[in-house]
1. Could you give me the ³J(HN,Hα) list for the range 124-141, computed from phi with Karplus coefficients 6.51, -1.76, 1.60 and θ = phi - 60°, whole Hz, x at Gly and Pro?
2. Let me have the relative contact order for the range 29-154, percent, based on Cα pairs under 8 Å that are six or more residues apart.
3. Would you report the distance distribution of C-alpha pairs in the range 29-154 as whole percents per 5 angstrom bin, up to the bin with the largest distance?
4. Please give me the summed charge of the neighbours of Pro79: other residues whose Cβ is under 10 Å from its Cβ, Lys and Arg +1, Asp and Glu -1.
5. About its Cα centre, how strong a charge dipole does the range 29-154 have in debye, to the nearest 20, once Lys and Arg get +1 and Asp and Glu get -1 at the Cβ?
Amino acid sequence: MRRIALFVAAVAVLAGICASTVVAQSKPIRPHQRFYGLVNGSSGSAVIRMACFGAIHPGQTGHPFTGQTVAVTRSPAGPGFTGEANSIRARLFWSSSTTASSVPLALFHYYDQPAAISTDLSFPCQGTGRVALRPLNGGPDARPAVVKVYFAGQP
């Protein structure tokens, strides 16, 4: 019984250390900072894996697989600039032959805290889009970071 209690206590201490490390690494978004946007950990272009199976026809939509994320990370060389903003909104844009669409993905107040891409959303099974991570109320100097995305249905 004593060994079990010691094991449980050790796990609790390790969990507390891990949680405090995550909180310590997450810095608040502040005015006049440069940043990158990330989709599935990638800032240049990224793949969003879609739950679309078999032959895909034009215009077909599906849901993204679980475990995919969007985030912002601070970087002195990043293309995004917060201007006067303290928060950044991630929005996904895409177009088809008949419509242009967009959907909000997340609102960030801290860097390096990825947000899950909801599996309840519907996107094209194939094609391209972009995730714009735009400072909110950043003023005329604010600049978004944009990540090109490729929607990939599974074979």
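1. Residue by residue, the range 124-141 yields x, 6, 8, x, 10, x, 8, 9, 9, 10, 10, x, 8, 6, x, x, x, 8 Hz.
2. 37
3. With 5 Å bins starting at 0, P(r) equals 2, 12, 22, 23, 16, 12, 7, 4, 1, 0.
4. Values: positive: Arg34, Arg143; negative: none.
After counting each charged neighbour, the total is +2.
5. Working: 10 positive and 4 negative charges, 39 e Å.
The dipole of the range 29-154 has a size of about 180 debye.
Since every read-out is calculated from the coordinates, none of them should be taken as a lab result. As the structure is a computational prediction, the values presented were derived from the model and not from experiment. Every residue, glycine among them, receives a Cβ derived from its backbone with ideal geometry; neighbour counts consider all protein chains shown.
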